[in-house]
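A.B. asks: Take a look at this one; I'll ask things after.
The values are calculated or read from the model by the stated rules, or taken from the named source; none is laboratory data. Not measured: the values here are computed from a predicted model. Note that we place each Cβ from the backbone using ideal geometry, even for glycine, and neighbour counts take in every protein chain shown. For the accessible areas, the whole protein counts, side chains as well, though only heavy atoms, and no ligand, DNA or RNA atoms are used. Shrake-Rupley method; radii C 1.70, N 1.55, O 1.52, S 1.80 Å.
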Amino acid sequence: RHCFSKSSDGFLYCEGVRVEDAMELAQRSPFYLYSKDQISRNFEAYRQALEGLRSIIGYAVKANNNLKILEHLCGLGCGAVLVSGNELRLALKAGFDPERCIFNGNGKILEDLVLAAKEGVFINVDSEFDYENIVTAARVAGRKVKVLLRINPDVDPQVHPYVATGNKNSKFGIRNEKLQWFLDAIKSHPNELKLVGAHCHLGSTITKVDIFRDAAVLMVNYIDEIRSQGFELEYLNIGGGLGIDYHHTGAVLPAPMDLINTVRELVLSRNLNLIIEPGRSLIANTCCFVNRVTGVKTNGTKNFIVIDGSMAELIRPSLYGAYQHIELVSPPSQDAEVSTFDIVGPVCESADFLGKDRVLPTPEKGAGLVVHDAGAYCMSMASTYNLKMRPPEYWVDNGSVVKIRHGETFEDYLRFFDGL
Ligand code: LLP
């Protein structure tokens, strides 16, 4: 069951609430609209898939950092995957257990590492300088740090180059020829570091689970090698990256169960705890980005639907050429002509599009239009370009539309200049 569905008379619903009614209530567009229950269902799919394994589901906070959503995921039993000191601070505020948090990143700064060390979160070692900083952080914090080595396994995730991270020429992780250097270094600092696991993250929007299996095979070989040198490794972290059905074609894509099942035997055979780091597959399909149509125009051979949302609030189509499904929230008028449109925003550049060549009935001015699967990497990547203010967020909770983040205002912006 999915939270967004169209009734036979052509109205889009989110868990029993007409999106049109949510627009009426919000009084401002664009905005993000989530289903709280869909978040729970997505988490439950991972929890069920992991039954019989010792595991941590570490939600990748970068995908969506709304505090209310973090509190909800935390309450369900989720851990958190963090890439900055502020993400760590927010996760702590949301109540996450630091022992179920992992601090990742290729450019972690000392100040943030000290915080992570003090809190006792797992830290992934990404490079020689990162290792040195982690040793320093352990000393400053006066606490031994549990570390995982982030291995760059050189597996091609077959995705857009901007979201591939595990190929040998990417900036992330440690290549095998350097592994011994790290093992020797860690051995020489037994008071500061405890090597507890190995990590890899291949990339994002991955739709073939064989790719995860290939990586897991390589990773357990590394783990065997590291264990043979006397380290007691307990954790295999296979990262995040599972894709979702952005195209709404009904094609059956791998689910969390399929992903876990391809690595389950390997994990059990080495008596490991499994850490996974899903972002998109937990949160993307729980949300729509809701807009109003400002007008319709034609130039040359192109028809445009101009909406009030833009690349400022949702940049994935502009940045990666990503496809996100678009539809109207209410039935079109009887005589509405069906045409092929680009869906564009008001931002002053031609990269400002939410969708290209979409076949839709010509909407009336003021009609509601949604961009689907907007829960991951949309609000968290929003900017204030053209002084568009970051939009509010709502979720449907138990049949009611509830605001879970205020929209930013012009006054908020002016505050940065107070007293200057
Ligand atoms: N773990 C690590 C180390 C990561 O770098 C990422 C995402 C994840 C976990 C979560 O991956 P997910 O399950 O969400 O695929 N902005 C891009 C996606 C960037 C992903 C970056 N790393 C987009 O909008 O498609």
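A.B. asks: Could you list which residues have their amide H under 5 Å from that of ASN273, counting only those 5 or more apart in sequence or on another chain, with H placed in the peptide plane?
C.D. replies: Under 5 Å from the amide H of ASN273 lie the amide H atoms of TYR235, LEU236, each far enough along the sequence or on another chain.
A.B. asks: Right, here's the next one. Could you tell me how many degrees, from 0 to 90 and to the nearest 10, lie between the Cα long axis of helix 210-228 and the main elongation axis, the longest principal axis, of the Cα atoms of the chain?
C.D. replies: Roughly 20 degrees between the two axes.
A.B. asks: Using the Karplus curve 6.51 cos²θ - 1.76 cosθ + 1.60 with θ = phi - 60°, what ³J(HN,Hα) values do you get for each residue of the range 6-14, in whole Hz, with x for Gly and Pro?
C.D. replies: 9, 6, 5, 8, x, 9, 7, 10, 10
A.B. asks: With charges only on Cβ, +1 for K and R and -1 for D and E, what is the dipole size of the range 1-152 about its Cα centre, in debye, rounded to 20?
C.D. replies: Its charge dipole is roughly 320 debye.
A.B. asks: While we're on this one: For the range 1-110, which GluC sites (Glu not before Pro) pass both filters: DSSP loop (anything but H, G, I, E, B) and at most 15 other C-beta atoms within 10 Å?
C.D. replies: Sparse-neighbourhood loop GluC sites (Glu not before Pro): GLU51.
A.B. asks: With every protein chain left in place, what is the accessible area of TYR13 in Å² (1.4 Å probe, nearest 10)?
C.D. replies: 60
A.B. asks: Let me ask something else about it. Taking Cα atoms of the range 280-420, Rg/Rh with Kirkwood Rh, to two decimals?
C.D. replies: 0.99
A.B. asks: 5 Å is the cut-off here: which amide hydrogens, built 1.01 Å from N in the peptide plane, fall below it relative to THR362, excluding neighbours closer than 5 in sequence?
C.D. replies: Placed amide hydrogens put GLU337, VAL338, SER339 under 5 Å from THR362.
A.B. asks: Please quote Rg/Rh for the chain to two decimal places, taking the Kirkwood radius as Rh and restricting both calculations to Cα atoms.
C.D. replies: 1.00
A.B. asks: OK, next. Just from its helices, what would the mean residue ellipticity at 222 nm be for the chain, if runs of 4 or more DSSP H residues each count -39500 (n - 2.57) and the sum is divided by every residue, rounded to the nearest 500 deg cm²/dmol?
C.D. replies: About -8500 deg cm²/dmol.
A.B. asks: Principal axis extents for the range 244-304, Cα atoms only, whole Å, descending order, please.
C.D. replies: Principal axes ranked by extent give 62, 20, 18 Å for the Cα atoms.
A.B. asks: A further question follows. Can you pull the one-decimal nm distance between simple spin-label points at ARG227 and ARG28, each 7 Å off the Cα toward Cβ?
C.D. replies: Here the answer is 5.4 nm between the modelled labels.
A.B. asks: Express the relative contact order of the range 272-319 as a whole percentage, based on alpha carbon pairs under 8 Å and six or more residues apart in sequence.
C.D. replies: RCO, the range 272-319: 24 percent.
A.B. asks: Still on this structure, please answer the following. Rounded to the nearest Å, what's the spacing between the alpha carbon centres of the range 246-303 and the range 347-385? Just the number, please.
C.D. replies: 18
A.B. asks: What is the mean projected area of the alpha carbon convex hull for the range 157-227, to one decimal in square nanometres?
C.D. replies: Computed as one quarter of the Cα hull surface, the answer is 5.5 nm².
A.B. asks: On to the next question. Could you compute how much accessible surface ASP184 exposes when probed at 1.4 Å, giving the result in Å² to the nearest 10?
C.D. replies: Rounded to the nearest 10, that gives 80 Å².
A.B. asks: Cα centroids of the range 115-170 and the range 177-222: how far apart, whole angstrom?
C.D. replies: 10
A.B. asks: What ³J(HN,Hα) values, in whole Hz, does the Karplus curve 6.51 cos²θ - 1.76 cosθ + 1.60 give for the range 323-333 when θ = phi - 60°, with x put for Gly and Pro?
C.D. replies: Coupling constants for the range 323-333: 8, 10, 5, 10, 8, 7, 8, 9, x, x, 5 Hz.
A.B. asks: Moving to a separate point now. Choose one of ALA63, ALA91, ASN42: the residue whose Cα lies farthest towards the positive end of the charge dipole of the range 1-94 (beta-carbon charges +1 Lys, Arg; -1 Asp, Glu; about the Cα centre).
C.D. replies: So the residue furthest toward the plus end is ALA91.
A.B. asks: Let me ask you something else. Less than 14 Å Cβ to Cβ from HIS189, Lys/Arg counted +1 and Asp/Glu -1: what total charge do the surrounding residues give?
C.D. replies: +1
A.B. asks: Quick one: how many Å² of PHE304 are accessible to a 1.4 Å probe, rounded to 10?
C.D. replies: PHE304 has an accessible surface of roughly 40 Å² with all protein chains in place.
A.B. asks: Ranked by accessible surface with a 1.4 Å probe, highest first, in what order do TYR162, TYR131 come?
C.D. replies: TYR162, TYR131
A.B. asks: Further, regarding this structure: What is the pair-distance distribution P(r) of the range 1-79, computed from all Cα-Cα distances in 10 Å bins starting at 0, with each bin given as a whole percent?
C.D. replies: Values per bin, smallest distances first: 15, 38, 31, 14, 3.
A.B. asks: Let me check I've understood the local charge: for GLY120, count other residues with C-beta under 11 angstrom from its C-beta, Lys and Arg +1, Asp and Glu -1. What total comes out?
C.D. replies: That sum, taken over residues with Cβ under 11 Å, equals +2.
A.B. asks: Net charge near SER318: determine it from the other residues with C-beta under 9 Å of the C-beta of SER318, scoring Lys and Arg +1 and Asp and Glu -1.
C.D. replies: -1
A.B. asks: What does the extension gain come out to for LYS118 and HIS160, with contour length at 0.36 nm per residue minus their alpha carbon separation?
C.D. replies: So the chain would gain 11.4 nm between LYS118 and HIS160.
A.B. asks: Taking Rh as the Kirkwood radius computed over C-alpha pairs, what is the Stokes-Einstein D of the range 43-160 at 4 °C in a medium of viscosity 1.567 mPa s, expressed in µm² per second?
C.D. replies: Estimated via Stokes-Einstein, D reaches 86 µm²/s.
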